[in-house]
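Visitor: Let me give you the structure first, and then I'll get to my questions.
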Amino acid sequence: MTAHTVIDRLGGGQQAAEGVARSDAQATNSAANRKLYKPRVPIHPREQDGVYRKIKWAMMAVTLSIYYLIPWVRWDRGPDAPDQAVLVDFAHQRFYFFFIEIWPQEVYYITGLLILAAVSLFLVNALFGRLWCGYSCPQTVWTDLFIWVETKIEGDRNARIKLDAAPWTANKIVKRVSKHAIWLMFAVATGGAWVFYYNDAPTLLHQLLTGTASIGNYAFIGILAFTTYSLGGLMREQVCTYMCPWPRIQAAMSDKESLTVTYRSDRGEPRGAHKKGDPWEDRGSCIDCNQCVAACPMGIDIRDGAQLECINCGLCIDACDDVMKKIGQPARLIAYDTDANIQRRLKGEKTRFRFLRPRTMFYAAVLVIVSAVMLFTLATRRTIDMDVLRDRNPNYVTLADGAVRNGYTVKLLNLSSSARDFHLAVSGLKTREVKVIGLETDIMPAILHVPADKVRTVRVLVTVAKADLGTAGSRDITFTVTEPVHGQVRAVGQVFATGVAQ
Ligand code: SF4
Ligand code: SF4
């Protein structure tokens, strides 16, 4: 029943009709609710060989190796620092990446890395379309791995479609249980590898195997195993189509000169079945065999043009190249190409790839500038730091002779992997005494030993004689810490409360 019919009945004031209309509307609504999402048609891509498939296998091997092996790479940082090359050390609030050590106050390096990653993605997208999605996105890599497992156990596309439709027999149960068991194994290994990134990997492995690891680690492995299993094994292409924002964003990053997987309609149309020996004149090279659709992990037909679902993986190119070889037609009816080239061909113009365009040059420039700034800041990075906090309660203490004393808490940060002596001094005001609690002497600069990669906190009492207080309620002073061996200096301005009434 249409909405208009329902409205007509209500407008007529017929009570009986009103009741029927309401129940019809409710039925329509509940049916609509039930169909809020289009039911998924399972996609069983055919196993495909070819150039792009080989590149995808290679990328899978590289990315999975990096992910699983990186926590096991060691990096010597001296006796007092962890020797794991990549480690997020939550307990000590540090991020180690080979020779780089990031402290919490240097989080801008992480921001810089994220900006670099985003701009690189924009640049690659503007040049080559969704290469990231097709070859190196974790969702693609794990989905590919899970489909490979499925193919090895249940067979290629047709066998899997047949198995889906078949009744539950012992054979089907064994195949399905085996598949899900291996998927779960990979899922647990994925979650397991993740927790090694924020723990010492050999120690944690021992703890995990002996059941002595923290509950948090087991929980994280469980959560990541569940997400890997469900996203890579069960939801697959739906994650890219419905959950990931990138397909929507990337459309704004590419233009008609971006290299994307394209069906060369100028060569393929008019399409149609072709018998051996039939002439090729007055028709296109596409024989409508649907092999490109069968190989597509997203279940789409690239001949329909650019689509949000297409991850630019190139498997349809491999599939069509096989067909073209068999029918004796030139390869690359489907190819990495640009919309602009299709138009140029239709106009009889020469095709070309325009890599240098305003948007690609802009992204490249941003990339170079951000990289240069990050390299410069890394190269000139200070490995000493200091925080100074003045006592507030009391704000100051007046001594018997009228002198005024302020107390400060000074934190000295040694951001290097070796112990160092820091020289601390106070300037900007004539002081009678600067006393570091715990030191025998009050000679300035005070020499303070700070162990490698540690923070040392000291209390400093600054006293100014009555005659030197001046007339203002507060005076500016400067705490300066120097590390003479590497010539590094850090100065922090502070206030000295004089207690003089205004
Ligand atoms: S594989 Fe090639 S020939 Fe076959 S339907 Fe696809 S585009 Fe046409
Ligand atoms: S249409 Fe081709 S390139 Fe796009 S997802 Fe399918 S197989 Fe990959």
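Rule-based calculations on the coordinates, nothing more; no lab input. A quick note: this is a predicted structure, and the numbers were derived from the prediction, not measured. All Cβ positions, even for glycine, are placed from backbone atoms using ideal geometry, and neighbour counts span all protein chains on display.
Visitor: So if R0 is 30 Å, what FRET efficiency would L184 and A117 give, r being the distance between their Cβ atoms, rounded to the nearest 0.05?
Guide: 0.50
Visitor: Counting Lys +1, Arg +1, Asp -1, Glu -1, what net charge surrounds Y135 among other residues with beta carbon under 15 Å of its beta carbon?
Guide: Once all neighbours under 15 Å are counted, the net charge is +2.
Visitor: What aspartates and glutamates sit close enough to K466 to cross-link, taking a C-alpha to C-alpha distance under 17 Å and skipping anything fewer than 8 places away on the same chain?
Guide: Cross-link targets: D401, E433, D476.
Visitor: Let me ask another. Hey, with R₀ at 60 Å, roughly what FRET efficiency would D156 and A452 work out to, going by the Cβ-Cβ distance, to 0.05?
Guide: On the way: r = 58 Å, r/R0 = 0.97.
FRET efficiency, D156 to A452: 0.55.
Visitor: Tell me, for the chain, which Cys residues have no other cysteine's C-beta sitting closer than 4.7 Å.
Guide: Here C133, C137, C240, C244, C286, C289, C296, C310, C313, C320 come out as lacking a disulfide-compatible partner, given the Cβ-Cβ threshold of under 4.7 Å.
Visitor: Arrange the peptides 269-275, 235-241 so that the one whose residues have, on average, the most other Cβ atoms within 10 Å appears first. Don't jump to the answer; show the numbers that get you there.
Guide: Details: 269-275: 12.0, 235-241: 19.6.
Highest to lowest by the protection proxy: 235-241, 269-275.
Visitor: Tally Lys and Arg at +1 and Asp and Glu at -1 over the other residues with C-beta under 15 Å from the C-beta of N171: what net charge comes out?
Guide: After counting each charged neighbour, the total is +4.
Visitor: If a paramagnetic tag sat 7 Å from the Cα of M444 along the Cα-Cβ line, which residues of the stretch 473-502 would have the backbone N under 19 Å from that point?
Guide: 474-484, 489-499
Visitor: Take each uninterrupted DSSP H stretch in the chain, measure its Cα extent along the helix axis, and return the ones at 15 Å or beyond whose mean Kyte-Doolittle hydropathy is at least -0.5.
Guide: For the chain, where a helix must reach 15 Å along its axis and average at least -0.5, the hits are 51-69, 108-128, 138-154, 170-196, 215-228, 315-327, 358-379.
Visitor: How much FRET efficiency would the formula 1/(1 + (r/R0)^6) give for E433 and Q105, where r is the Cβ-Cβ distance and R0 is 35 Å, rounded to 0.05?
Guide: After rounding, the FRET efficiency stands at 0.70.
Visitor: Under a point spin-label approximation (7 Å from Cα along Cα-to-Cβ), what is the R176-A379 distance to one decimal in nm?
Guide: A separation of 6.2 nm, rounded to one decimal place.
Visitor: Extending each Cα 7 Å along its Cβ direction at L69 and A91, get the distance between those two points in nm, one decimal.
Guide: 2.8
Visitor: Work out how much length L356 to A61 would gain on full extension: take 0.36 nm times their residue separation and subtract the Cα-Cα distance, in nm to one decimal.
Guide: Computed gain between L356 and A61 is 103.0 nm.
Visitor: Please work out whether the stretch 384-497 counts as rounded, prolate or oblate from its C-alpha gyration tensor, where a ≥ b ≥ c are the square roots of the eigenvalues and a/c under 1.5 means rounded, while otherwise a/b larger than b/c means prolate and anything else oblate?
Guide: Prolate, because a/c is 1.5 or more and a/b exceeds b/c.
Visitor: Distance from the Cα centre of the stretch 194-213 to that of the stretch 355-418, in angstrom?
Guide: Spelled out, the Cα-based centre of one part sits 34 Å from the other.
Visitor: Taking only DSSP H segments of four or more residues, each worth -39500 (n - 2.57), what value at 222 nm results for the chain once the sum is divided by all its residues, to the nearest 500 deg cm²/dmol?
Guide: After summing the helix terms and dividing by residue count, I get -13000 deg cm²/dmol.
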